[in-house]
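A short reminder: the numbers here are calculations on the coordinates, not readings from a lab. Computed from a prediction, not measured in an experiment: that's the story for all the values here. As a convention, Cβ positions derive from the backbone with ideal geometry for all residues, glycine included, and neighbour counts pool all protein chains shown.
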Amino acid sequence: MYRVLNSTNPNRARAWSNLAFTVVMATLVPLGIWWMVLIGRLVNENNELRVLTQGDTPEVREEHERRRVMAWGESGLMALLTVSVVGLSYGAAMRERQQMRRLEGVLAASTHELKTPIAGIRALLESLESGVLPPERMGPHLTRALGSCTRLEHLVDAVLTWQAALANPESAVRNTEVRTLQEWLAPLLPGVELDLGEAATAPVRASADVLRVVVENLWGNATKYGGKNIAVTAAVEGAVVLVHVRDDGIGFDPADAERMFEPYQRLHTHTRGTGLGLYISRTLARAMGGDLRARSAGPNTGATFTIALPGAARSA
């Protein structure tokens, strides 16, 4: 099985990061305590000099108390800020490392996924080149090769769009535009009968690239695992427009409704793929201000995937 990442390396790197953070904190705490003690001693020595020169007057005692409070307060604030900066820096570094691991994992998984259709296309081309296949037998193989090309195109588009959203999360929101739901879905699902009802004319704010990846992923899953009866319906709930993709296929256990959106999760062992499609789709839907949910009554009862899209104010 093709693998790029060594599972022991991330654990080792995380262990070293935790050790470094512990060492830094263990060093900062004694330094902070030493600094506060030193400042306290300096304040006391300064007060003793003032007492020798000015006498032990109420004004001198009041000034000493004020300086002592200021010294301890400022020292404590400095220690708190230092610890906070170190903690925030450590958290940012760990989040960046986790994001890099996700990107590396997606690259490894998508590369593995790309190998299958490429191998099929290569085998067909080699057969055509060698003349093994007579012209009358080329039809089914060419159809299968075109299907593999479509699968490759969808996978590459999904991964590139997802990586762009990760690299610049604001882009999925900034690059949105307003169209009616019918105008959004009709080009994405050509030839599919849409039962959108009153929601067809509802204005929706979305990103064309992001919505295309999400809809194509859901429709692709529905056609592969959803049986023969697939319906696309919609409804408006307040400021949100809901698009439902219903099927009568293999379904899933209701307890797995959230787990199926985790990366590399495949609820059915006989299904193909990397288990990234739904994870990428939900990430992209949320990046443009929407969401993606799933529900099913149980195995072999079908499933419904719902895209929640942000509505938009109607123009006057």
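Observations
- Segment Asp256..Val236, full-extension length gain: 4.6 nm, with 0.36 nm per residue of separation and the alpha-carbon distance subtracted.
- Ranked packing of 194-201, 176-183, most packed first, by mean Cβ within 10 Å: 176-183, 194-201
- The ranking of Asp247, Asp209 from fewest to most other beta carbons within 10 Å of each one's beta carbon is Asp209, Asp247.
- Estimated vicinal HN-Hα couplings, Hz - region 223-231 in sequence order (Karplus 6.51, -1.76, 1.60; Gly, Pro = x): 6, 7, 10, x, x, 8, 9, 10, 10
- Within region 176-310: Cβ-based charge dipole about Cα centre, in debye rounded to nearest 20 (Lys, Arg +1; Asp, Glu -1): 320
- For Ala234, distant residues with modelled amide H under 5 Å away: His244
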